[in-house]
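A short worksheet on the structure shown next.
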Amino acid sequence: MTKTIVVTSGKGGVGKTTTSASIATGLAKRGYKTVVIDFDVGLRNLDLVMGCERRVVYDLVNLVNQESSLHQTLIKDKRIENLYILPASQTRDKDALTIEGIARVMHKLKKSDFDYIICDSPAGIEKGAKMALYFADEAIVTTNPEVSSVRDSDRILGILQSESKRSKMNEEPVKEHLLITRYNPGRVKDGQMLSVDDIVDLLAIPLLGIIPESPTVLDCSNEGKPVILDDDSEAGQAYSDAIDRLLGEITKPHRFMEAPKKGFLSRLFG
Amino acid sequence: MGFFKFFQSSKEDQSAKRAKDRLQVLIAHQRTDRTGPDYLPMLRQDILDVIKKYVSVGDDALSVQVDQQDDCDVLELNITLPEDAEATANALSVAKRRAQERAQEATGA
Ligand SMILES: Nc1ncnc2c1ncn2[C@@H]1O[C@H](COP(=O)(O)OP(=O)(O)O)[C@@H](O)[C@H]1O
Ligand SMILES: [Mg+2]
């Protein structure tokens, strides 16, 4: 059975693409045949984060328009077995996609025995984002500890509950997961940033993980390497924990929520 | 910066608390709009327009919520007055009463 998971948020720049890359890579590393699809038509960057930008020949729009085959369009990852990338088009706009066209692509992927289809949503709550979440069985709602991001996440939850295929067909609702990214425990401790508890209270959906704000994320995206492959980094480990929970280990304790203890001098001058 | 922050009482710095309070209001609005009756957003706008005839308030001054109580729906209106609005409070209470009457008509209560 193929599972389709959308990584969504409403707001831009919160870490959807970073998350899509790491979740897809993590699932493939554990042996699941996984494809990650960039739905950000016109603004693709998943290929950069995955480090396969020079191998893009065809893209999602070609595939939807039946100008290329699935085999020609999928890019096989060079590091991880079982991992494939389906890039977005750089030149077309969002209107190039249709639900019927995406449905055909999803059907082909299911016939090719993929275990997971990860959909990297564009920002916004318009057509592009709706297209990315339409076929989802589960949703990873990516949220920063910030007023506008939390509000947009709530709006996306509304759309998942009323405009996804599952809701339209009166099937079991899309399973929702909250992923808090760019978390800065120090600023939470100082009362300057919403805490994990605040956000869970407000959005009232199960917490999949907390990804700390970390300079390693930028280093990795510079190199074109999903941060989950950096076993030493906190962000990488936090994504790895999130995979465990996604796969059913829901009681796994959350890490990286505490601020490192500051010494007197660094508190005074830091 | 750090030097002064060290001596600052942390209570003065609790902007996260304000963020949470604001979000609670915002999210309650959004949820009412999507789970309440279809006419609710329009009803809310109409009530707001009436309030604005008497007091100058922002769009977030009014929160509208539908609660289930036993076997009837209760429409709850909350209007936040601006600081300097005491003089217009009387006018507002008139506006509020009229709004409630219209809301009751609209829900058929
Ligand atoms: N945990 C993190 N720590 C630090 N920077 C991050 C983190 N997650 C994402 N970023 C950075 O934030 C920016 C936006 O991330 P991206 O994944 O492209 O967001 P989106 O796809 O939601 O627009 C990128 O520069 C990325 O490197
Ligand atoms: Mg993105």
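The values are calculated or read from the model by the stated rules, or taken from the named source; none is laboratory data. All figures in this text were calculated on a predicted structure; none of them were measured in a lab. A quick note on method: Cβ atoms are made from the backbone with ideal geometry, for glycine too, and the neighbour counts reach across all protein chains shown. Keep in mind that these areas ignore ligands, DNA and RNA; they rest on the heavy atoms of the full protein, side chains included. Shrake-Rupley method; radii C 1.70, N 1.55, O 1.52, S 1.80 Å.
Overview of values
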{"item": "Size of the B/A contact, given as accessible area buried on both chains, probe 1.4 Å, in Å²", "result": "1900 Å²"}
{"item": "Per DSSP, loop GluC sites (Glu not before Pro) in segment A:171-270 with at most 13 further Cβ within 10 Å", "result": "A:E171, A:E249, A:E258"}
{"item": "Stokes-Einstein translational diffusion, chain A - Kirkwood Rh over all Cα pairs, 1.002 mPa s, 20 °C, in µm²/s", "result": "114 µm²/s"}
{"item": "Distant-in-sequence amide H partners of A:L194 (H built 1.01 Å from N, under 5 Å)", "result": "none"}
{"item": "Label-point separation in nm, A:E234 to B:K17, each point 7 Å along Cα→Cβ", "result": "2.6 nm"}
{"item": "Net dipole in debye of chain A [+1 Lys, Arg Cβ; -1 Asp, Glu Cβ; about Cα centre; nearest 20]", "result": "280 debye"}
{"item": "Sequence-distant lysines (8 or more away, or on other chains) whose Cα lies within less than 18 Å of A:K76", "result": "A:K29, A:K33, A:K108, A:K110, A:K111, A:K225"}
{"item": "Simple spin-label estimate for B:D60 and B:T35 in nanometres, 7 Å along Cα-Cβ", "result": "2.1 nm"}
{"item": "Protein-only accessible surface order, largest first, of A:S22, A:S214, A:S69 at 1.4 Å", "result": "A:S69, A:S214, A:S22"}
{"item": "Accessible area in square angstrom per residue, chain A, 1.4 angstrom probe", "result": "45 Å²"}
{"item": "Computed Rg/Rh of segment A:48-165, alpha carbon atoms with Kirkwood Rh", "result": "0.97"}
{"item": "Quarter of the Cα convex hull surface for segment A:98-142, i.e. its orientation-mean projected area (nm²)", "result": "3.3 nm²"}
{"item": "At least 50 Å² accessible surface lost relative to isolated chain, residues of segment A:128-157 (1.4 Å probe)", "result": "A:V147, A:R151, A:D154"}
{"item": "Percent of Cα-Cα distances greater than 16 Å, calculated over segment A:68-131", "result": "54 percent"}
{"item": "Threshold 20 Å² - residues in segment A:199-229 whose accessible area is reduced by that much or more when the chain is no longer isolated, probe 1.4 Å", "result": "A:D201, A:L202"}
